[in-house]
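Here's the structure we're looking at; comments come further down.
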């Protein structure tokens, strides 16, 4: 079951904020007046304090509201954590990576409705982006942008060409995996360069290929997985609308391999290239 966490945060912020507001406008004054009346009637200090004490619900509202509000602001407008659940972005990102995504890289959007309120930038070729899957916006996907609006994208014989210019590939050897990545052992590791920026990709030696000859529409983006022969991406389901963008992935803060239960210390605290 997919939980709409932004909606949960918004509702929790609204509910706890309403409790705090009502307490300050009404219930707190009511408790103080009642406590003062009992004090005049000779009630002891302990009894007066107990009468003036807010209920468990109101105390919880005061405690939780600032925490939930800060989490909502951080997650909606600054940075959001994600866990990589598959191998489609190997070797850049692997199953078990915990990453951070900049929520303001491509503009500030309201939570839940995703309306852009402050335009700050657009994805560039080579960016690793998180987006809401066009076929099911409840699911977040992560891929690399290879085509921006207006680009002519050709992918043939496992080689990418953008606007008639081939993306340089340099063979780096064979991939050796461990744990969750073992299944890709033997794949070809290549360095690919897009707009002067290098990143690594995996290519299988199998003859399977999904050819592409496509011009990217306005306000759309063409995305690939770095694990080229094991990625369901724009070659299969089309482009990513600008409105579906979530943010730019920029940092791996932890890695936990659930297959052989180990932490890969070489992956943590590293930038995503």
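Any read-out appearing in this document is the output of simple, stated calculations on the displayed coordinates, not a laboratory observation. All of these numbers come straight from a predicted model, not from anything done at the bench. Heads up, the Cβs are rebuilt from the backbone with ideal geometry, glycines too, and the neighbour counts pull from every protein chain shown.
Data table
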item: Separation in nanometres of the label points that stand 7 Å from Cα toward Cβ, at residue 79 and residue 263; result: 1.7
item: Ranked packing of 190-197, 224-231, 244-251, most packed first, by mean Cβ within 10 Å; result: 224-231, 244-251, 190-197
item: Alpha carbon Rg of region 1-134, scaled by the compact-globule rule 2.2 N^0.38 Å; result: 1.62
item: Relative compactness, region 5-77, computed as alpha-carbon Rg over 2.2 N^0.38 Å; result: 1.43
item: Part-to-part distance (alpha-carbon centres) for region 1-80 and region 192-255, which is given in Å; result: 46
item: Length released on extending from residue 67 to residue 37, taking residue separation times 0.36 nm less the Cα-Cα span; result: 7.3 nm
item: Residues of region 14-28 with amide N under 16 Å of a point placed 7 Å along Cα→Cβ from residue 59; result: 20, 28
item: Rg to Rh quotient for region 160-273, alpha carbon positions, Kirkwood Rh; result: 0.98
item: Sites residue 51 and residue 15 - FRET efficiency at Förster radius 35 Å, r taken between beta-carbons, to 0.05; result: 0.85
item: Residues 266, 114, sorted so that the one with the fewest Cβ neighbours within 10 Å comes first; result: 266, 114
item: Candidates 76, 102, 261, ranked by Gaussian network fluctuation over the chain, Cα under 10 Å, top entry; result: 261
item: Anisotropy class of region 84-271 from Cα gyration tensor, a/c 1.5 cut; result: oblate
item: Cα radius of gyration and Dmax for region 175-229 (Å); result: 13.9, 41
